[in-house]
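Working notes, structure below.
What follows is calculated from the coordinates using simple rules that are stated; it is not laboratory data. Note that the structure is predicted; figures quoted are calculated from it, not measured. Note that we place each Cβ from the backbone using ideal geometry, even for glycine, and neighbour counts take in every protein chain shown.
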Amino acid sequence: MAQKAANVRLATLKVVMGKDCYKILQRLSDSENKATVDETLTALEQHFIPKRNVTYERFVFNNCHQGPRETVDEYVTRLRSLSSTCEFGALTNDLIRDRLLLGTKLDQVRPKLLSEADLTLQKALDICRSCEQTQRQLRDINNTTEKTYAVSRSASQRKVGLPNCKYCNQKHEFSKVKCPAYGKRCRNCGKQNHFAICCKVKRNEHSSWVVKEYNGSPIYYANNTVFHVSPNGTQWFIDLQLRFDKREIPVVLSYQLDCGSTCNIMSSKHLDLISFFI
């Protein structure tokens, strides 16, 4: 087509531009004098592309700030798009760098940018990207810590709202493995998986015994030997032989093992029997 005559090229352009565009071309002033393709295209461009006000375009550029959710790369891309209509020429990169320093949302990065002696657009981009990545990582770490604290706090709150366990009389999650009484033996009834404080078996109530203090001569065990141990429910007893100087045959008495008492006691009946031989 470039080798065709000028009138043929112009006619072809008018055909391929369509009826709407051709009507616009006809309404343009002095359209009939547009005898060449270049003149016709220039007239159409002036009609469709209005003349920009460079002063206003630079005003928009100089008031462009980084958005709250806009990354540094997205911000610089928007600055490049705005600078295309500002006619900055060779100063485009330098002015984008200056706008990046003034319009970035990263306030803590400005001292670093200002401290650089030979700051270029690429170096400013690298510094801002590094700061942006560091802030993102710190935010992730803080969010993880807050979630962990929130989970711990909610677990504590749930624990406070729980009723006391009927097996251990404490608050814990509803699970037998969480219960401190699970696997333990009750000191009251001897059964497992509950504490004595929660035991439903009534404690044995013994009548009072008259206790007499004995300060006589020592009583000797028969060779310190336990001859018989017998279980009685959950309590253990031994038959212990006591030997006295006035009696050749030892006296056999039954004693409870590890009763938990802070002193050794016996019935007044047994005490009177022992006192007879002392």
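Where the only charges are on Cβ atoms (+1 Lys, Arg; -1 Asp, Glu), what is the dipole of the stretch 54-138 about its Cα centre, to the nearest 20 debye? Kindly include the intermediate steps, with their values, before the conclusion.
Details: 12 positive and 12 negative charges, 43 e Å.
Dipole of the stretch 54-138, to the nearest 20 debye: 200 debye.
What is the fewest-to-most order of 54, 109 by other Cβ atoms lying within 10 Å of their Cβ?
If I rank by nearby Cβ atoms, fewest first, I get 54, 109.
Give me the one-decimal nm value for the distance between modelled label points at residue 48 and residue 141, 7 Å along each residue's Cα-to-Cβ direction.
For residue 48 paired with residue 141, the spin-label model returns 5.5 nm.
So how do 173, 45, 132 line up by other beta-carbon neighbours within 10 Å, fewest first? The partial results should precede the final answer.
Details: 173 12, 45 9, 132 17.
By the 10 Å Cβ count, ascending, the order reads 45, 173, 132.
For the pairs 51/112; 19/51; 178/202; 51/123; 176/202, flag any whose C-alpha to C-alpha distance is greater than 29 Å.
51/112; 51/123
Along the charge dipole of the stretch 54-138, Cβ charges K/R +1 and D/E -1, which of 127, 65, 137 sits furthest on the positive end?
Of the candidates, 137 comes out farthest on the positive side.
Need one number: nm distance between label points at residue 192 and residue 19, each 7 Å from Cα along Cα→Cβ, rounded to one decimal.
9.7 nm
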